Ligand SMILES: [Zn+2]
C-alpha cells in the first residue's frame, strides 16, 4: 500500500499489524478501508496489479 501524499509505502504484510495497533490505541480503522491514517489520503494498492488475483 502506498500513500502518494506521504510518499510512504506500507508493506501489505504489515498493514494488518499496523491496523490492529491503530484500532487498539487510537480507535482508527482507516487503514483497513485503504485510507492513510496519517493524512486521510486514499492508499494505492501496488501489489494487486501484479498479482491479478482480484476477488471481484
Ligand atoms: Zn498519507
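Bear in mind these aren't lab numbers, they're just calculated from the coordinates by the rules spelled out. None of these values were measured; they are calculated from a predicted model. Cβ sites come from the backbone with ideal geometry, for glycine too, and all protein chains shown count toward neighbours.
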_Once you compute Rg and the Kirkwood Rh from C-alpha atoms, what is the Rg to Rh ratio for the stretch 2-48?_
0.93
*Arrange the following residues from fewest to most other Cβ atoms within 10 Å of their Cβ: 38, 15.*
38, 15
*For the residue pair residue 24 and residue 7, what label-to-label distance in nm results when each label sits 7 Å from Cα along the Cα-to-beta-carbon direction?*
3.2 nm
